[in-house]
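The values are calculated or read from the model by the stated rules, or taken from the named source; none is laboratory data. Keep in mind the model is a prediction, meaning the values are calculated, not measured. Note that we place each Cβ from the backbone using ideal geometry, even for glycine, and neighbour counts take in every protein chain shown.
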Amino acid sequence: MARVLTGIQSTGTPHLGNILGAIQPAIEMAKDSKNESFLFIADLHSLTQIKDGALLRENTYAVAAAWLAFGLDTSRTVFYRQSDVPEVTEFAWYLSCYFPYQRMTLAHSFKDKSDRLADVNAGLFNYPMLMAADILLYDAQLVPVGKDQLQHLEMTRSVAQRINHQIDPKHGSEILVVPEAMTFGTTMSVPGTDGAKMSKSTGNTLDVFADPKDLKKAINKQIITDATPLEDPKDPDGSVVYKLCEILMSADDAAEMASKLRAGGYGWGHAKKALLEALVDGYAEPRARFSELMADRGAVDAELKIGAEKAREVAAQTLARVRTAIGY
C-alpha cells in the first residue's frame, strides 16, 4: 500500500478545469484499495496571497464543499484543513534550519517575483519548506504534482535526505520518508472561455456550481464565436464551444454536434445552448449538494475535524521522531 498525499489551494470555488483535471481523478484514485489517501486544503499557503480573513474562510469552505459534493469518501480519505494541524508549522521551522538559503532563492515561487521584492513576503520565500513539511510530516510516499511543482518536490526530497544523512552520516538512517513524484501523462487540460487553459488568474473559468442563469450569461458573453451565418458550414475543431462540449458530452453526442456544424443550419447559439445543458444537467447533483454544504458550514467543519484528528495522530508520531533525532 502506498500513502498518497495531495494538497489543494484555497483560492476560491473550484472551476470546471479543477473538477475535470484534479478533483474527479483524485477521488477515483482514492477509491483504489492499494492507496492510502491524504488530502488537505492548503489554507496556510493561501495566506501568502490573501489577507482578508473572511475571504480566506469562504474560500476554504468552498473548496471543501466542492470535494464533498463530488463524492469524496472521507471514510477512505484523510481529508483535513492544513491550519487544523499546527504540527506542520513547527516542522516547517526544523526543515528550514536544514536547508540552504541559496537553494531557497532558486525556488520558482520566489524567483518569479524576485524582480518585484516589494510584493514578496517571508511566507512566500519559505513556501517550499512549508510544502515540504506538508509532505514529510505524514510519511507520504507518492505526491501527485504538475510540472510547476516538480522543483518544490525536489526540494522536499533534498531536505529529507539532508536530515537523514546528517543524523546518521554513515548509514543515512531514514528519519524521514523520501517521497516520489507521481505525474500523469494524460492529465486533462480544459480550455477556458477564451481558448487558453482554464485558470482563475486569467478569468476564463466556468463555475459549475453557479446559478444556471449566471452560467448562461458567462457562456454567451465570454465565449466569442465568429459571425458565420446560421445556414453556412462551420469548423467545430476551431471552436471553444465545441471543444468544451466534446469534453462534457458522450462521444456520440459530440460527433453528432460536429456533423451538424459542418453541414450548416446549426449555429453557434445552438452549440452554446447544448453546452449550457451539459453543464446544468450534468452537474445538477453536485451543484445541489454544494449549495446544501455551503448553507451548513457545521457539516463541513465536522468532516474536516474528523480528518484533522486522523492527520494529527500521524503528524505527532513523525514530529516526536524528528524532535528526538535533532536533539530536543
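Take the conditions (1) modelled with pLDDT under 90; (2) under 28 Å from residue 136 (Cα atoms); residue 177 misses just one of them, which is (1).
Against the criterion of being at pLDDT 95 or above, among the small types (Gly, Ala, Ser), under 29 Å from residue 198 (Cα atoms) and outside the structural domain of residue 82 (by TED's automatic domain parsing), residue 278 qualifies. Each residue in segment 95-138 was checked for being among the β-branched types (Val, Ile, Thr) and surrounded by fewer than 22 Cβ atoms within 10 Å (Cβ to Cβ), and 2 of them qualify. Return yes or no: is residue 60 among the polar types (S, T, N, Q), surrounded by fewer than 19 Cβ atoms within 10 Å (Cβ to Cβ), part of a helix (DSSP H, G or I) and in contact with a helix residue (DSSP H, G or I) (Cβ under 9 Å, 6 or more places away or on another chain)? Spelling it out, it is not the case that residue 60 is among the polar types (S, T, N, Q), surrounded by fewer than 19 Cβ atoms within 10 Å (Cβ to Cβ), part of a helix (DSSP H, G or I) and in contact with a helix residue (DSSP H, G or I) (Cβ under 9 Å, 6 or more places away or on another chain). When you check residue 283 against the structure, is it touching a residue at least 12 places away in the same chain (Cβ under 8 Å) and either more than 25 Å from residue 80 (Cβ to Cβ) or surrounded by fewer than 17 Cβ atoms within 10 Å (Cβ to Cβ) (or both), yes or no? In short, yes. For segment 63-88, the set of residues classified as assigned to a helix (DSSP H, G or I) and surrounded by fewer than 22 Cβ atoms within 10 Å (Cβ to Cβ) consists of 68, 83, 84, 87, listed by residue number. Within segment 105-136, the set of residues being among the small types (Gly, Ala, Ser) and either without any contact (Cβ under 8 Å) to a residue 40 or more places away in the chain or out of contact with any helix residue (DSSP H, G or I) (no Cβ under 6 Å at 6 or more places or on another chain) (or both) comprises 114, 118, 122, 123. The number of residues in segment 228-264 that are surrounded by 18 or more Cβ atoms within 10 Å (Cβ to Cβ), among the hydroxyl-bearing types (Ser, Thr, Tyr) and in contact with a Phe, Trp or Tyr (Cβ under 8 Å, 6 or more places away or on another chain) comes to 1. Close Cβ contacts (under 9 Å, 6 or more residues apart or on different chains) running from residues in segment 213-224 that are under 9 Å from residue 276 (Cβ atoms) and of a type in the set (D, E, K, R) to residues that are at pLDDT 95 or above and in a helix (DSSP H, G or I) comprise 216/272; 216/273; 216/276; 216/280.
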